[in-house]
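A quick write-up on the structure given underneath.
Every read-out reported here was derived from the displayed coordinates using simple, explicitly stated rules and does not represent laboratory data. All of these numbers come straight from a predicted model, not from anything done at the bench.
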């Protein structure tokens, strides 16, 4: 996915931008960049690949090389950014977080209508940040251009710009699928995906943008350029998976939500008579752990950590470019605690089950380490659709999802007409799906959180949440 951070002040803000961007490292692993405004040199920029090295080691030398009173940074899993753009609205640096599903259509339309060109990358693809800038530049000013770009884009576009005058312009996606927070200090303002990033830097919470809202920030004030709206579809995975534990989105804390979510799953199992006689409850680290704590608190089954992730050398299992390498590193990170595994019946809680590849490796590892039985609970409902709006659960096709692949094995293409039945664990189809996945992953039992349970744990009105991955509804 990705995240961004920007700051503007009366004094040098490069250190704030550096650390603020670094605090978004949990959201992206492919590339990162910084752009800084300096009154003498104008806009300066640096981009690095971070596939095999964390943001901090790649950019720490810039603390001595760059200086300026405004700057932006971005970490992402997509195209290199921020980009420097020269347009009718002036020169600016731009970073975009999101997904453009209709990029090819927009490129063809842009070229046909303007006769201009866009720089092609290897293989002929287009940098989606450059495409977003091209759309913005089709209007007379940046605010109008952002509104136009977001109307044209099928997907999600959170936008952060740094102008040649040293101002920041931030825009939340028109459906508010991701957050944008504004912080305030005695010296200026900042804008961030994660609010804790600026709280650690001495800023206080000042504002959370509404869906579609656009603001301009200077060292002295925040100006609303385009009003937002109450209606939104914020991503539910922010709480169950993506978000850092200390994060708040729409005033709802991630860690607290995960505890509630685990408690609700345990209540469901107790009510349905399927609570296992496990020796302990454990989370698949890291994001599964708080869900498991909530489950243990409600079920009164002791919480334990039967294996520990060795993160000093292998900090990110998804860092390598191939799935084979990612699976191998994920397995190398798992260090068993023999006393808590051998001869024990274990109940694990994972944040979600997407393709099931790494989960199968984990279950095999537990049996190899002497586990008597492994039960699994998913903190999310069965994922039936690849995400169209962010990078979570994105795939070449929906059939890569373990749910879809299993349904195809059970019933063929006809089964795709009954996805709602397969989602519901109380129906014959729902029970068959869970039994088949258990057989595939060698699980003693498997249950999923219900959509209603997840929505209850979050606490927002269901019409404000994006639940596309589970029910196909935008």
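What relative contact order, as a whole-number percentage, does region 252-471 give when Cα pairs under 8 Å and 6 or more residues apart are counted?
Working: 382 pairs, mean separation 44.0, N = 220.
It comes to 20 percent, rounded to a whole number.
Could you work out the relative contact order of the chain? I mean the mean sequence separation of Cα pairs under 8 Å and 6+ apart, divided by the number of residues, in percent. Rounded, it is 12 percent for the chain. Restricting the calculation to alpha carbons of region 351-474 gives Rg and Dmax of 14.6, 45 angstrom.
Centroid-to-centroid, using Cα positions, region 231-266 and region 270-288 are 19 Å apart. So how far, in whole Å, is the C-alpha centre of region 430-462 from the one of region 2-21? One Cα centre to the other: 40 Å.
Quick one: grab the alpha carbon gyration tensor of region 252-471, order the square roots of its eigenvalues as a ≥ b ≥ c, and give me rounded if a/c is under 1.5, else prolate or oblate depending on whether a/b is larger than b/c.
Details: a/c = 1.33, a/b = 1.18, b/c = 1.13.
Rounded shape, in that the Cα axes give a/c under 1.5.
The alpha carbons of region 7-163 stretch over 45, 34, 23 Å along the principal axes, in descending order. The Cα-based radius of gyration and maximum Cα-Cα distance (Dmax) for region 254-315 are 12.5, 43 Å.
Given in Å, the Rg to one decimal and the Dmax to the nearest whole number for the Cα atoms of the chain are 23.1, 70. With respect to the chain, whose longest principal axis is taken over its alpha-carbon atoms, helix 428-441 is tilted by about 90°.
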